[in-house]
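Just so you know, all these numbers are worked out from the coordinates, no wet-lab data involved. Quick caveat: nothing in here was measured; it's all calculated off a predicted structure. Neighbour counts run over all protein chains shown; Cβ positions are idealised from the backbone, glycine included.
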Amino acid sequence: MAAHTNLDKIEEQLEGLRLNFLLIYLLPSSIIWLLALLRVRFLGNNYEKELELKNENWQKK
């Protein structure tokens, strides 16, 4: 009976470790991924605006 009780406690601890793993690794990695995506979109948008300005200036000449 005591061994069965210890197994239940071990299972509870493993569930806690799974939750910690999700919070510690998946949440920050998701945030980093999102920030990288936003940064790439920002840089691409700025590059596209520069190209449009160059084309407008070239067409005016």
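Results, tabulated for the structure shown:
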read-out: Degrees, to the nearest 10: 2-21 long Cα axis against longest axis of the chain; value: 10 degrees
read-out: For q = 0.22 Å⁻¹, Debye-computed log10 I/I(0) when each Cα of the chain counts as one equal scatterer; value: -0.88
read-out: For a label point 7 Å along the Cα-to-beta-carbon line of Asn55, residues of segment 21-46 with backbone N under 16 Å; value: 44-46
read-out: Cα→Cβ-extended label distance, 7 Å offset, between Asn46 and Leu17, nm; value: 4.5 nm
read-out: Folded to 0 to 90 degrees: helix 27-60 orientation relative to the chain principal axis, Cα; value: 10 degrees
